[in-house]
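Below is one structure, written out as structure tokens; comments come after it.
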Amino acid sequence: MLIVITLAIATLLLVLLVAGAWTTLGPLLVALGLLLLLAAFGTVAAIASGYAGPTAPAPWQQPLVLPVHLLLAMSTGLAVLYVLMDRLFVSGNDGRTMLATLTGLGACLALCKGLYWRAVDRLPAPGIAPPPFRGARIAVLGLAAGAPLLCWLLALTGSVPPLVLLMLAALALLGAAALEHRLFLDEGAGLQRDAGHDS
């Protein structure tokens, strides 16, 4: 239900923006934007909490699941917003502040994900241990924290156009989110199978 409300608000906001409502309905657009923000965070929290049901595998019940999902949502959404802002608003922005923000979020995400994996690896797993996910984990950390950092360092040199760097950072964060979600599902399913549950 919350997903439907979020999508309805986003659709209404998009229709109003396309119709040129920013010239006459500025305060309404701001209010709808804030409402969309709250609904989106509520949706992410509801989905992350939904994984932690009583029959869910132990990795999905780990307390860092919600912060990781919120950080992924914030960093990917902000990266896409920054690309749109760069295209929609001519401000002469060099992208440094935007990329520094994405780098900070990526570092927080990498820290939370590292602590999560450390806790998951210490869970007792009866029978055969789940398959190793080391390569995928390194790829998630590299995409989430390393790519925005590299883009920010390149922005400091001024040798690459800001739009290119913002797009690369956005694509890396979107890739990290997709890979992390697949890894999250696989880790939980692997431990559930090892415990004798059907996945």
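The values are calculated or read from the model by the stated rules, or taken from the named source; none is laboratory data. No experiment lies behind these values; they were computed from the predicted model shown. Here the Cβ is made from the backbone with ideal geometry for all residues, glycine too, and neighbour counts use every protein chain on show.
Of note:
So that you can scan it fast, the table gives a plain yes or no per residue for (1) touching a residue at least 12 places away in the same chain (Cβ under 8 Å); (2) part of a loop (DSSP other than H, G, I, E, B); (3) among the basic types (Lys, Arg); (4) under 20 Å from Ala178 (Cα atoms):
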| position | (1), (2), (3), (4) |
| --- | --- |
| Leu16 | yes, no, no, no |
| Leu37 | no, no, no, no |
| Thr43 | yes, no, no, yes |
| Ala46 | yes, no, no, yes |
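- Residue in the stretch 99-117 that is closer than 16 Å to Leu72 by Cα, among the aliphatic types (A, V, I, L, M) and at pLDDT below 90 present: no
- Only one of Leu174, Leu166 that is part of a helix (DSSP H, G or I) and either modelled with pLDDT of 90 or more or not hydrophobic (A, V, I, L, M, F, W, C) (or both): Leu166
- Among the candidates Thr23, Thr43, the residue that is at pLDDT below 85, among the polar types (S, T, N, Q) and out of contact with any helix residue (DSSP H, G or I) (no Cβ under 6 Å at 6 or more places or on another chain) is uniquely Thr23.
- Some residue of the stretch 54-67 being in contact with a Gly (Cβ under 9 Å, 6 or more places away or on another chain), more than 19 Å from Leu174 (Cβ to Cβ) and outside any helix (DSSP H, G or I): yes
- Of all residues in the stretch 28-42, exactly one satisfies the criterion of being closer than 15 Å to Leu71 by Cβ and either assigned by TED's automatic domain parsing to the domain that holds His69 or buried (at least 18 other Cβ atoms within 10 Å of the Cβ) (or both), namely Ala40.
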